[in-house]
Amino acid sequence: MDTREINPWTWQGGFGFAHAREVTGATRVLTLSGQCATDATGAPQHPGDMAGQLALAVANPGEVLA
């Protein structure tokens with residue numbers, strides 16, 4: 001079994017987590033964490049706009065998967 005961290009950005013390095021972790025071996029497993037309404041630098045986006053925050057938080061895993 002092998003594991004690989006997936007971080008399309010660098011800002012999370014100081015927080016000690018990976019946006020995703022892929023586990024390969026007999027099966028393939030991908031776990032996601034830390035998905036929120038931040039841009040590529042980690043800056044919060046869309047203050048006071050819940051719809052904008054939600055749209056970005058849902059779109060960010062697409063960057064992880066890409």
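Starting from segment 30-50, keep only residues that are at positive phi, then list their pairs with residues that are of a type in the set (Phe, Trp, Tyr) whose Cβ atoms are within a distance under 8 Å, requiring at least 6 positions of separation or different chains.
As it stands, the answer is Gly34/Phe15; Gly34/Phe17; Gly42/Trp9; Gly42/Trp11, since those pairs meet every condition given.
Keeping to segment 23-41, report how many residues are at pLDDT 90 or above and either farther than 13 Å from Glu63 by Cα or touching a helix residue (DSSP H, G or I) at 6+ places or on another chain (Cβ under 7 Å) (or both).
Keep residues of segment 23-41 that are at pLDDT 90 or above, which gives 37-39, 41.
Now restrict to residues that are either farther than 13 Å from Glu63 by Cα or touching a helix residue (DSSP H, G or I) at 6+ places or on another chain (Cβ under 7 Å) (or both): 37, 41.
Count: 2.
Among the residues of segment 23-34, which ones are loosely packed, with under 14 Cβ neighbours inside 10 Å and not hydrophobic (A, V, I, L, M, F, W, C)?
Thr24, Gly25, Thr27, Arg28, Thr31, Ser33
Identify, from the list Ala43, Ala51, Ala20, Ala66, the residue that is aliphatic (A, V, I, L, M) and surrounded by 12 or more Cβ atoms within 10 Å (Cβ to Cβ). Outline the logic, then answer.
Working: Ala43 fails: surrounded by 12 or more Cβ atoms within 10 Å (Cβ to Cβ); Ala51 fails: surrounded by 12 or more Cβ atoms within 10 Å (Cβ to Cβ); Ala66 fails: surrounded by 12 or more Cβ atoms within 10 Å (Cβ to Cβ).
On inspection, the qualifying residue turns out to be Ala20.
When segment 20-46 is examined, which residues are found to be within 20 Å of Met1 (Cβ to Cβ) and in a loop (DSSP other than H, G, I, E, B)? So that I can check it myself, show each step before the final result.
Within segment 20-46, the first condition is being within 20 Å of Met1 (Cβ to Cβ), and the residues that meet it are 20-33.
Gly25, Ala26, Thr27, Arg28, Ser33 - these are the residues of segment 20-46 that are within 20 Å of Met1 (Cβ to Cβ) and in a loop (DSSP other than H, G, I, E, B).
Please find, within segment 26-52, the residue that is farthest from the chain's Cα centre (by Cα) out of those that are polar (S, T, N, Q) and under 19 Å from Pro8 (Cα atoms). Spell out the reasoning first.
Our first condition is that a residue be polar (S, T, N, Q); within segment 26-52, this holds for 27, 31, 33, 35, 38, 41, 45.
With the extra rule that they be under 19 Å from Pro8 (Cα atoms), the set shrinks to 31, 33, 35, 38, 41, 45.
Numbers: Thr31: 10, Ser33: 6, Gln35: 5, Thr38: 10, Thr41: 12, Gln45: 15 Å.
Per the stated criteria, the residue is Gln45.
The values are calculated or read from the model by the stated rules, or taken from the named source; none is laboratory data. Predicted model only: the values in this text are computed from it and were never measured. With ideal geometry, Cβ positions are generated from the backbone for all residues, glycine too; neighbour counts draw on all protein chains shown.
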